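One structure below.
The values are calculated or read from the model by the stated rules, or taken from the named source; none is laboratory data. No experiment lies behind these values; they were computed from the predicted model shown. Positions of Cβ are generated from backbone atoms using ideal geometry, with glycine treated the same way; all protein chains shown enter the neighbour counts.
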Amino acid sequence: MDDDQGRPLRFAVIGAGMAGILSAIKLREAGYDDFTVYEKADRVGGTWRENTYPGLSCDVPSHLYSYSFALSPDWSHRFSPGREIQAYLEDVTRRHDVEGAIRFGEEVVRGEFVDGRWRLETSTGHRDEVDVVIAATGVLHHPRVPDFEGLDEFEGAAFHSARWDHDVQLDGRRVGIVGTGSTAIQIVSALVDRVEHLTLFQRTAQWVFPQDNPAYPDDEREAFRSDPDRLAGLHSHLKELFGVFANAVIDADSPEIRMIEDACRANLEENVSDPELREKLRPDYRAACKRLIMSGDFYDRIQRPNAEVVVEGIDRIEPAGVRTADGRLHELDVLVLATGFQVDAFMRPMELVGRHGRTLSDAWAQRPSAYLSISIPDLPNLFMLNGPNGPVGNFSLIEVAELQFGYILQLVELLRDGECSEVSVTAEALEEYEAARTEAAKNTIWVSGCRSWYLDDRGVPATWPWPFDRFRKEMAAPDLAAYDRR
Ligand SMILES: Cc1cc2nc3c(=O)[nH]c(=O)nc-3n(C[C@H](O)[C@H](O)[C@H](O)COP(=O)(O)OP(=O)(O)OC[C@H]3O[C@@H](n4cnc5c(N)ncnc54)[C@H](O)[C@@H]3O)c2cc1C
């Protein structure tokens, strides 16, 4: 960028998942060419690089889970497999020619704000000094591995679902799956017909919204290819449709949430024939209180003669398998921990030191928070994508990140135009925002009586509690009164 276009700015983007790739493309598009993307792994993709388990697909439609500027006519299914999403992200990276800006194999481990700039240090000892940091480090990123007694002594293969060991033979083996989130449900459907016996260790039953996953026939894909308006029309239509869902979950009394509940209940009643199994699979809380499971085949697959749902708690792991609280040993060859992620880690364990020696650890000593999930007091010129308490319900995080990035660019313009050289939210604005967010969360379905990863240590949903339209409006232009600008 030339001087007459404002102050030249150097950027570091941390992470080359969906949000980091977006940042690189959008920075360049806005005329900011001086940036480096740091990625600790050896490839782009984040979530979609790390999760390779059988049955993985997105659970929002692929035509919605796409960058608005890179719609693809080629999605194979309504909810396409994970490997297709990974290929899509790699393809977008290539086509926008941002791969050259990525330093792979470099984890940013430390950053300190000194004399108006961020001094960064990576795991290889490389140093960089930048004006702006964009943290695109992910939410569902650090696997949560339960500390079952005896796990190390298991004689079979045991691994977390996000660290799938593809060398392990599954066909004809006895496989146990711990957990009942979207991941576990997808794995059950994909594996049950391949294995000798499948045991699902269920702590909490889940409501399952019946959702088929049809393939797009060739002629339909061809029609998308030859008519970009048709593709764009589908994207907009899905955005609207998912807006309805987004609004339903924030009002526990809405007719839409009742409709979702009715559909889930009918799915269970009509599609699980064995009364005993049906009761095991019946949740004792309201649908969508936990992240809603979308599946058109789970109930069918879990009723296979070689499948079993175990509701007794896991007591310990033994060399031969899993011992449950009722004393029974479930003998296994493979144990899959579909036990989710540490959802409050975000960019940690990175160490960040902001103004007046204030650190990220100080700021998040109780729990992670950020104004509109983007800015933290006294960590100036550092912005997060998919940061704490942002919209995470069943909608596309790509749309969320695109809106957030548009907002961040406007804060960056203040720096470029010399209106200030440091910008971060004020502590008061963050406090006010958090109070309003906590209050609004009281009406949501997430607090209607279940345990879920949406809830923080106080039981407050760590997500956006207002209509999605309000999020769009907030992201349209920053309220500068909320910002400390120097
Ligand atoms: C199984 C699964 C299914 C999902 N399905 C959906 C879905 O259907 N719809 C949806 O909207 N969302 C879904 N999600 C959420 C998904 O995580 C987001 O949609 C999206 O991929 C997040 O992108 P991201 O770039 O923000 O984070 P990530 O994809 O997590 O990428 C973060 C990147 O940052 C890198 N990184 C982290 N820390 C550092 C560091 N210190 N230095 C350098 N690099 C670092 C990581 O290696 C990673 O590559 C799903 C998540 C999972 C786990």
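In segment 115-147, which residue that is in a loop (DSSP other than H, G, I, E, B) and among the charged types (D, E, K, R) is farthest from Asp34 (Cα to Cα)?
Asp147
Checking Leu335 against (1) over 22 Å from the mean Cα position of the chain (by Cα); (2) more than 30 Å from Leu170 (Cβ to Cβ); (3) at pLDDT 95 or above, which test does it fail?
Checking Leu335 against (1) over 22 Å from the mean Cα position of the chain (by Cα); (2) more than 30 Å from Leu170 (Cβ to Cβ); (3) at pLDDT 95 or above, the one that fails is (2).
Here's a check for you: in segment 225-251, which residue that is under 18 Å from Arg470 (Cα atoms) and outside any helix (DSSP H, G or I) is nearest to the chain's Cα centre (by Cα)?
Checked segment 225-251; the qualifying residue nearest to the chain's Cα centre (by Cα) is Ile250.
Just to check your reading of the model, which residue among Ser123, Ser182, Ser161 is over 21 Å from the mean Cα position of the chain (by Cα), within 16 Å of the ligand (Cβ to nearest atom) and either farther than 22 Å from Ile293 by Cα or not hydrophobic (A, V, I, L, M, F, W, C) (or both)?
Ser123
What are the residue pairs meeting all of these: first residue in segment 99-110, first residue more than 20 Å from Ile25 (Cα to Cα), second residue part of a helix (DSSP H, G or I) and near the ligand (Cβ under 10 Å from one of its atoms), Cβ atoms under 9 Å, and 6 or more apart or on different chains?
Going by the 9 Å Cβ cut-off, there are no qualifying pairs.
Spot the failing condition for Ile14; the list is (1) surrounded by fewer than 16 Cβ atoms within 10 Å (Cβ to Cβ); (2) modelled with pLDDT of 95 or more, and only one is missed.
Evaluating Ile14 over (1) surrounded by fewer than 16 Cβ atoms within 10 Å (Cβ to Cβ); (2) modelled with pLDDT of 95 or more leaves (1) as the failure.
List every residue pair whose Cβ atoms sit under 7 Å apart, with the two residues 6 or more apart in sequence or on different chains, where the first one lies in segment 3-31 and is over 14 Å from Met347 (Cβ atoms) and assigned to a helix (DSSP H, G or I) and the second, anywhere, is away from the ligand (no atom under 14 Å from the Cβ) and small (Gly, Ala, Ser).
Gln5/Gly31
Pick out the one residue from Tyr65, Tyr88 that is within 15 Å of the ligand (Cβ to nearest atom) and either touching a helix residue (DSSP H, G or I) at 6+ places or on another chain (Cβ under 7 Å) or touching a residue at least 24 places away in the same chain (Cβ under 8 Å) (or both).
Sole residue among the options that is within 15 Å of the ligand (Cβ to nearest atom) and either touching a helix residue (DSSP H, G or I) at 6+ places or on another chain (Cβ under 7 Å) or touching a residue at least 24 places away in the same chain (Cβ under 8 Å) (or both): Tyr65.
Would you check which residues across segment 297-311 are in contact (Cβ under 8 Å) with a residue 60 or more places away in the chain, assigned to a loop (DSSP other than H, G, I, E, B) and either surrounded by fewer than 18 Cβ atoms within 10 Å (Cβ to Cβ) or hydroxyl-bearing (Ser, Thr, Tyr) (or both) and list them?
Within segment 297-311, Arg304, Asn306, Val311 qualify.
Report yes if some residue within segment 352-371 is in a loop (DSSP other than H, G, I, E, B), within 12 Å of the ligand (Cβ to nearest atom) and under 17 Å from the mean Cα position of the chain (by Cα); otherwise report no.
no
State whether the residues of segment 398-415 include one that is assigned to a loop (DSSP other than H, G, I, E, B) and either touching a strand residue (DSSP E or B) at 6+ places or on another chain (Cβ under 9 Å) or closer than 19 Å to Asp484 by Cα (or both).
Checked segment 398-415: no residue is assigned to a loop (DSSP other than H, G, I, E, B) and either touching a strand residue (DSSP E or B) at 6+ places or on another chain (Cβ under 9 Å) or closer than 19 Å to Asp484 by Cα (or both).
Specify which of the listed residues (Glu106, Glu112, Glu90) is assigned to a strand (DSSP E or B), touching a Lys or Arg at 6+ places or on another chain (Cβ under 8 Å) and charged (D, E, K, R).
That would be Glu112, the only listed residue that is assigned to a strand (DSSP E or B), touching a Lys or Arg at 6+ places or on another chain (Cβ under 8 Å) and charged (D, E, K, R).
Which members of segment 42-62 meet the condition of being in a loop (DSSP other than H, G, I, E, B), among the acidic types (Asp, Glu) and near the ligand (Cβ under 8 Å from one of its atoms)?
Asp59, the sole residue that qualifies.
Considering only residues that are among the aliphatic types (A, V, I, L, M) and buried (at least 22 other Cβ atoms within 10 Å of the Cβ), which ones fall in segment 79-101?
Across segment 79-101, the qualifying residues are Ile85, Leu89, Val98.
Taking segment 436-473, which residues are farther than 30 Å from Asp284 by Cβ and either surrounded by fewer than 18 Cβ atoms within 10 Å (Cβ to Cβ) or of a type in the set (Val, Ile, Thr) (or both)?
Across segment 436-473, the qualifying residues are Ala436, Asp469, Arg470, Arg472, Lys473.
Looking at (1) over 24 Å from the mean Cα position of the chain (by Cα); (2) in contact (Cβ under 8 Å) with a residue 60 or more places away in the chain, which is the only condition Pro388 fails?
Condition not satisfied by Pro388: (1).
Given the residues Glu196, Glu149, which is the only one that is away from the ligand (no atom under 16 Å from the Cβ) and within 15 Å of Arg301 (Cα to Cα)?
Result: Glu196 is the single residue among Glu196, Glu149 that is away from the ligand (no atom under 16 Å from the Cβ) and within 15 Å of Arg301 (Cα to Cα).
Within segment 240-276, which residues are touching a Leu at 6+ places or on another chain (Cβ under 7 Å) and modelled with pLDDT of 95 or more?
Leu268, Val272
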